[in-house]
Amino acid sequence: MKKSIILILILIPLFTYSQSNKFFRKAIRETDLNEKINLFTKALELDAKNLDAYFYRGIAKNDLGDYHGAIVDYSKIIVLNPDADTYYNRGNSRYSLKDFIGAKEDYSKAFKIDTTFVDALYSLGCVKYDLGEYKEAIKDFSRVIKAVPNQPKTYTLRAAAYKAINDPKNALNDYSLAIIAEPSAHNFYNRGVFYMDINYYQKANIDLSTALRINSNNAFAYFYRGASYMLLGKYNNAVSDFSAALKFDATDFDALLGLALTYYKMGDIPNAKLNLQKAKSILSPEKSIDTIDLFVNTYWFQNQYYYFNENMSALLKL
């Protein structure tokens with residue numbers, strides 16, 4: 001009798017473990033996220049030490065947008081048996097909640113545990129960039145580039161960090177390296193916009209034209225090329241590009257202001273006033289246009305202030 005009791009006591013945990021694994025395997029194959037979570041939960045009810053079930057349930061919760069729930073699951077693993085993947089995934093969930101400090105801590109721990117974990121280092125650079133820690137982000141991106149030199153996105157992000165610390169030479173070099181790594185419309189567009197920022201309008205025009213040859217469905221590229229044409233004095237081309245941008249979005253007040261400025265430079269005052277009024281009706285339909293301060297949130301005010309002020313102030317007096 002005693003032997004039978006002992007045998008039953010041994011078989012019960014074995015049966016429970018087997019059932020838990022059955023739910024776990026079924027959950028792995030399941031495609032519906034809610035059902036996947038339900039199956040992992042059943043597996044954990046039978047075996048609370050199944051850390052893989054916590055991990056994959058955390059992934060499913062994260063994919064459903066339940067970032068807090070995912071963080072709870074990852075944290076249970078980290079308490080018992082911390083590893084790089086779990087820290088990294090918890091960092092992703094924290095990042096999704098805009099908890100940049102928490103994400104930074106997790107990405108840092110993931111990389112400390114596994115110094116070959118390039119994705120963790122890349123994410124660490126990204127969150128440092130978001131926190132305004134540009135010099136530290138540059139260091140991380142540089143280490144990523146050393147490990148994986150052919151990823152254009154890393155060059156683009158390091159370029160943005162260089163731009164943020166007012167280092168245009170290194171920023172331009174990185175935008176160019178991104179193009180070498182991948183001569184895509186996106187990368188030519190990025191360098192073209194940067195050329196606009198540093199007032200190299202002809203070079204900007206060339207890059208933006210290349211971007212549009214590769215992909216003609218970029219409204220922003222039409223706008224920026226239109227701006228480059230206008231600043232180069234090629235007004236007919238500018239009108240064409242601003243009009244193309246407006247076909248994508250008729251409420252693009254920056255493109256409307258571009259048309260107003262271009263028509264003013266061409267001496268076509270009626271069209272200049274018409275497009276100025278359209279831009280004004282979008283930005284502030286209740287206010288009259290007395291000064292250029294109405295346009296403080298526009299591209300022109302923020303990036304081409306002196307040109308905009310000189311010409312728009314003159315137009316407002318007509």
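The values are calculated or read from the model by the stated rules, or taken from the named source; none is laboratory data. Quick caveat: nothing in here was measured; it's all calculated off a predicted structure. Heads up, the Cβs are rebuilt from the backbone with ideal geometry, glycines too, and the neighbour counts pull from every protein chain shown. With ligands, DNA and RNA removed, areas are computed over all heavy atoms of the protein, side chains included. Shrake-Rupley method; radii C 1.70, N 1.55, O 1.52, S 1.80 Å.
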Mean-square fluctuation maximum in Gaussian network of the chain, Cα pairs under 10 Å, restricted to 301, 55, 194, hits 301
If you roll a 1.4 angstrom probe over the protein chains with everything in place, what fraction of the accessible area of the chain belongs to carbon and sulfur, to the nearest %?
53
With r defined as the distance between the Cβ atoms of residue 284 and residue 142 and R0 fixed at 41 Å, what FRET efficiency is calculated, to the nearest 0.05?
0.40
Would you mind checking segment 108-136 for residues with the amide N under 14 Å from a putative spin-label position 7 Å along Cα→C-beta of residue 98?
130-131
Tell me, what is a quarter of the convex hull surface for the C-alpha atoms of segment 126-189, in nm² with one decimal?
3.9
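Would you calculate a helix-derived [θ] at 222 nm for the chain, using -39,500 (n - 2.57) for each DSSP H run of n ≥ 4 and dividing by the full residue count, to the nearest 500? Walk me through the numbers before you get to the answer.
Details: 18 runs with 251 residues, N = 318.
Helix-only estimate at 222 nm: -25500 deg cm²/dmol.
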Take the alpha-carbon centre of segment 214-232, take the same for segment 185-201, and report the distance between them in whole Å.
10
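Give me D for segment 181-265 in µm² s⁻¹, whole number, from Stokes-Einstein with Rh from the Kirkwood sum over alpha-carbon pairs, 25 °C and 0.890 mPa s. Don't skip to the answer; put the middle values down first.
Values: Rh = 12.4 Å.
Stokes-Einstein gives a translational diffusion coefficient of 198 µm²/s.
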What percent of all Cα-Cα pairs in the chain falls into each 20 Å bin, going from 0 up to the bin containing the maximum distance?
25, 38, 27, 8, 2, 0
Once label points are set 7 Å from the Cα along Cα→Cβ at both residue 219 and residue 32, what is their separation, rounded to one decimal in nm?
3.8
Binned at 10 Å from 0, what are the whole-percent values of the Cα-Cα distance distribution for segment 203-310, short to long?
16, 49, 29, 5, 0
What's the extension gain from residue 305 to residue 83 if we count 0.36 nm per residue and subtract their Cα-Cα distance?
74.8 nm
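Given R₀ = 41 Å, what would the calculated FRET efficiency be for residue 19 paired with residue 182, taking r from the Cβ atoms and rounding to 0.05? Kindly include the intermediate steps, with their values, before the conclusion.
Numbers: r = 50 Å, r/R0 = 1.21.
Efficiency for this residue pair is about 0.25.
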Roughly speaking, what is the centre-to-centre gap between segment 274-318 and segment 132-149 when only Cα atoms are used, to the nearest Å?
40
